[in-house]
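Following: one structure in structure tokens, then a few remarks.
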Amino acid sequence: MIRLPLLLPGNVCFPPVSQALKEPNGLLAMGGDLEVSSLVKAYQQGIFPWFNEGEPILWWSPDPRLVLFPSTVHISRSLQKTFNRKNFSFTFDQSFNDVITACAAPRSKQAGTWITPAMLSAYRALHKQGIAHSIECWQGDQLVGGLYGVAIGRVFFGESMFSNVSDASKCALIALAKQLHAWQFGLIDCQVESDHLISMGAETLSRESFLNYLERYCSLPGPEQWSITVDI
């Protein structure tokens with residue numbers, strides 16, 4: 001039977017991430033709350049919430065950690081052709097609610113979603129505070145893909161993406177990486193291993209190395225305004 005530290009709501013204090021379990025990888029604690037201050041504190045320490053409807057809040061810090069460096073995104077030939085056709089256009093923070101709602105929709109072969117109503121409410125609150133951001137992928141005036149995440153300093157903590165048209169979410173990620181590179185962001189946190197993201201150049205870091213990046217880049221000033229300034 002797994003015994004986890006129980007966090008109490010209000011002024012959540014996380015245990016050291018070195019105490020996270022090896023199996024399931026990174027499970028650290030349960031309980032607490034999803035207030036803006038708690039989430040910011042978690043991300044700064046390399047911790048994120050992930051739980052299903054009906055479960056207590058579960059907090060994770062896996063080792064190793066999947067990350068994507070903005071300057072080293074791998075773009076396959078076919079994807080580059082798609083991107084170069086300029087069938088898509090991109091924006092930041094124009095339809096955050098639509099993006100996170102689309103990300104929360106059940107996927108094929110999945111019975112439900114981990115983006116519960118409580119998580120939706122929490123990340124909408126982060127967005128209102130200018131901490132959570134979305135990138136939208138448009139085809140004409142139709143939202144066809146995108147992703148959202150949390151930005152602290154010059155680290156972007158990716159949360160989820162969706163695509164209603166082939167390659168839309170991948171192109172949104174490329175556009176995001178190009179802009180983050182221009183802003184001198186250190187990395188994009190991808191949390192756990194994914195073949196989809198590894199195919200785009202994501203790589204694993206030890207938890208210790210990941211925390212070193214957070215210490216270096218989370219304290220740096222982020223962009224004053226989230227808008228696309230590079231040629232995409």
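The values are calculated or read from the model by the stated rules, or taken from the named source; none is laboratory data. Computed from a predicted model, the values in this text were never measured in an experiment. A quick note on method: Cβ atoms are made from the backbone with ideal geometry, for glycine too, and the neighbour counts reach across all protein chains shown. The accessibility values were calculated without ligands, DNA or RNA, using every heavy atom of the protein model including side chains. Shrake-Rupley method; radii C 1.70, N 1.55, O 1.52, S 1.80 Å.
Brief remarks on what is shown
- Residue in the stretch 97-107 that is surrounded by fewer than 14 Cβ atoms within 10 Å (Cβ to Cβ), in contact (Cβ under 8 Å) with a residue 40 or more places away in the chain and over 28 Å from Ile75 (Cβ atoms) present: no
- Those strands (runs of 3 or more DSSP E) of the stretch 1-105 in which 2 or more residues are at pLDDT below 95 and either in contact with a strand residue (DSSP E or B) (Cβ under 8 Å, 6 or more places away or on another chain) or not charged (D, E, K, R) (or both) are absent.
- Comparison of Ile131, Ile198, Ile174, Ile135 shows that the only residue that is under 20 Å from Leu211 (Cα atoms) and out of contact with any Cys (no Cβ under 7 Å at 6 or more places or on another chain) is Ile131.
- Screening Val150 on (1) more than 26 Å from Val40 (Cβ to Cβ); (2) β-branched (Val, Ile, Thr); (3) in contact with a strand residue (DSSP E or B) (Cβ under 7 Å, 6 or more places away or on another chain) shows it passes everything except condition (1).
- Test: residue in the stretch 31-43 that is open to solvent by 70 Å² or more (accessible area, probe 1.4 Å) and closer than 24 Å to Phe162 by Cβ: no
- So Thr113, is it within 29 Å of Ser227 (Cα to Cα), open to solvent by less than 70 Å² (accessible area, probe 1.4 Å) and either at pLDDT 95 or above or not in a strand (DSSP E or B) (or both): no
- Among the criteria (1) open to solvent by less than 40 Å² (accessible area, probe 1.4 Å); (2) over 19 Å from His74 (Cα atoms); (3) charged (D, E, K, R), the one Glu208 does not fulfil is (1).
- One residue stands out among those in the stretch 69-96 that are over 16 Å from Phe185 (Cβ atoms) and among the aliphatic types (A, V, I, L, M): the one that is least open to solvent (accessible area, probe 1.4 Å), which is Leu79.
- Pairs, first more than 30 Å from Arg216 (Cβ to Cβ) in the stretch 153-169, second polar (S, T, N, Q) and outside any strand (DSSP E or B), C-beta under 9 Å, six or more apart: Phe162/Ser169; Ser163/Ser169; Val165/Asn87; Ser166/Thr82; Asp167/Ser78; Asp167/Thr82
- Among residues of the stretch 145-181, those that are among the acidic types (Asp, Glu) and open to solvent by less than 10 Å² (accessible area, probe 1.4 Å), counted: 0
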